[in-house]
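Reviewing the structure listed below.
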Amino acid sequence: MGQVREACGVFGVYAPGVEVAQLVYDGLFALQHRGQESAGMAVSDGETITVVKDMGLVTSVFDARALASLEGHLALGHVRYSTTGPSTWQNAQPVYRSDGHSGFALGHNGNLTNVAKLEADAGMLPGVLTSDSDVIGELLANAFPAGGDEEDDGALEAALAEVLDRLEGAFSLGLIDERRLYAVRDPNGFRPLCLGRLEARGGDRAGGWVVASESPALDVVGARFVRELEPGELLVIDEHGPRSRFPFSPHRVEPHLCVFEFVYFARPDSQLLGREVHAARRRMGERLAAEAPAEADLVIGVPDSGVPAAEGFASASGIPFGQGLVKNRYIGRTFIAPTQAARIEGVRRKLNPLRESIAGKRLVVVDDSIVRGTTTRQMVRMLKEAGAAEVHLRVSSPPFRWPCFYGIDTPVREELLGARLSVDEIAGHLGADSAAYLSLDGLLAAIGAGEDGFCSACLTGSYPTPVPLAAPSGASSR
């Protein structure tokens, strides 16, 4: 997939009697695909919250010494890609606030759409707080009961009840204070968030609870998947277990999970809406083969997220599936490069063709999406230089035509290939012999759910909530 990034990954643990820093490390490692700019962790021993965060991958931010210093049974971790606010240490998360005798840490996945109004209503100077996550932290800190005593550990829950319904946009949140773990999913459920159970193990573990952006992060720490949080739910976890409340106005609760969680963002082994993502991606490829067949000798997928759809395309079409591109897994995503030239060079470092597999063959090349087209154009050129007779691009989602305001860092509309060119023009621009996309109806059918449960604004321009005034001309919201 070309030039789209999504923020972020959240992982929290409440496990009495357990030193949980290692669990959080493992959980964040499982969510690394959701954010590779910075990583951080806040840990509480019941009295004090300690925060460690830095730029870079989980493995570079935390070593054995750092983990050993983070003592406590309650913790929150975060991995980040920036969508609002620059990529700096200041904007690494968790965000931390303290009033002198108590504090809280917050991790945010998503993007607020009413930051300017929130700042104005709260008397904040515009731009002083450099991320929307920091704005949430400031609002919560300001909502703490005045003159609260040191034993009142319900202050954060009270602040959440006051602040949450004022937030608009996408926000799956994890939070801790000194004694409790909190999880919040916005009333549209744009971003995923799930609950898991750490079972007791005799005398060495009393059991506990985990919240995570995706279910594989539960698996890696040995937690049992319990359920996904509902849109509009606030979950509070303490020694009595989890309890839920719903602080949002009922008219705001309308599920709209981002459809690109199924297309690209989520790990293939994730469970979303009771469905395995890998199986849905295979069905996308099967439907793509029915909607846009091609005469070819070999089907290959663009690693990694295009591979399941390629397998489905091959199965449905009868064309053999094979490997045609090798991915260097130690190279970061090419969209983080600062210039077009750097992104092009990044493609060559990231992908390399298997010449003997593709020489002289007509290829169907399946990818999950095309955004600017920089990566795809360079890839097509590499395949033809390696001897491919024909390259037929097949994309397992509709054209990406509109910017996202809910947590995906996308270019302005004028830079989106699907907004500027027709499908035939896209094929010519990319140097492919043909190009075709899966229809929206085909995509939703492959997922196995109706359109009402998803946000597909980046494909249709129909936004499920109001978006900022900077929304491109022609976009609609409801």
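The values are calculated or read from the model by the stated rules, or taken from the named source; none is laboratory data. Keep in mind that this is a model prediction, so the values were computed, not measured. Here Cβ is always computed from backbone atoms with ideal geometry, including for glycine, and neighbour counts include all displayed protein chains.
Summary of values
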| read-out | value |
| --- | --- |
| Residues of segment 8-51 classified as surrounded by fewer than 24 Cβ atoms within 10 Å (Cβ to Cβ) and without any contact (Cβ under 8 Å) to a residue 40 or more places away in the chain, total | 2 |
| Residue count for segment 354-371, restricted to those that are surrounded by fewer than 21 Cβ atoms within 10 Å (Cβ to Cβ) and on the phi < 0 side of the Ramachandran plot | 7 |
| Looking only at segment 8-51, and only at residues there that are among the β-branched types (Val, Ile, Thr) and assigned to a loop (DSSP other than H, G, I, E, B), the one that is farthest from Gly208 (Cα to Cα) | Thr48 |
| Condition met for Asp54 (part of a strand (DSSP E or B), surrounded by fewer than 24 Cβ atoms within 10 Å (Cβ to Cβ), charged (D, E, K, R) and in contact (Cβ under 8 Å) with a residue 12 or more places away in the chain) | yes |
| Single residue of segment 158-172 satisfying the filter (in contact (Cβ under 8 Å) with a residue 40 or more places away in the chain and in a helix (DSSP H, G or I)) that is nearest to the chain's Cα centre (by Cα) | Leu164 |
| Among (1) in contact with a Leu (Cβ under 9 Å, 6 or more places away or on another chain); (2) at positive phi - the single one Gly241 does not satisfy | (1) |
| Sole exception among (1) out of contact with any helix residue (DSSP H, G or I) (no Cβ under 6 Å at 6 or more places or on another chain); (2) not in a loop (DSSP other than H, G, I, E, B) for Phe225, by number | (1) |
| Verdict on Asp99 being more than 17 Å from the chain's Cα centre (by Cα), under 24 Å from Leu218 (Cα atoms) and surrounded by fewer than 22 Cβ atoms within 10 Å (Cβ to Cβ) | no |
| Filter pass, Leu235 being in contact (Cβ under 8 Å) with a residue 40 or more places away in the chain, more than 30 Å from Ser315 (Cα to Cα) and outside any loop (DSSP other than H, G, I, E, B) | yes |
| Any pair with Cβ under 9 angstrom, 6 or more apart, that starts in segment 121-138 at a residue that is closer than 22 Å to Ala161 by Cα and surrounded by fewer than 19 Cβ atoms within 10 Å (Cβ to Cβ) and ends at one that is modelled with pLDDT under 90 and of a type in the set (S, T, N, Q) | none |
| Subset tally (residues that are over 16 Å from Gly110 (Cβ atoms), at pLDDT 95 or above and basic (Lys, Arg)) for segment 159-204 | 3 |
| Residues within segment 421-451 that are over 22 Å from Gly312 (Cα atoms) and part of a loop (DSSP other than H, G, I, E, B), tallied | 3 |
| Gly85 vs. criteria at pLDDT below 95, within 17 Å of Phe171 (Cβ to Cβ) and surrounded by fewer than 21 Cβ atoms within 10 Å (Cβ to Cβ) | yes |
| Test: Arg413 is more than 21 Å from Cys455 (Cα to Cα) and either modelled with pLDDT under 95 or charged (D, E, K, R) (or both) | no |
| Residue check, Gly100 modelled with pLDDT under 95, of a type outside the set (Asp, Glu), touching a helix residue (DSSP H, G or I) at 6+ places or on another chain (Cβ under 6 Å) and not in a strand (DSSP E or B) | no |
| Subset of segment 269-312 that is buried (at least 19 other Cβ atoms within 10 Å of the Cβ) and part of a loop (DSSP other than H, G, I, E, B) - its residue that is modelled with the lowest pLDDT | Ser305 |
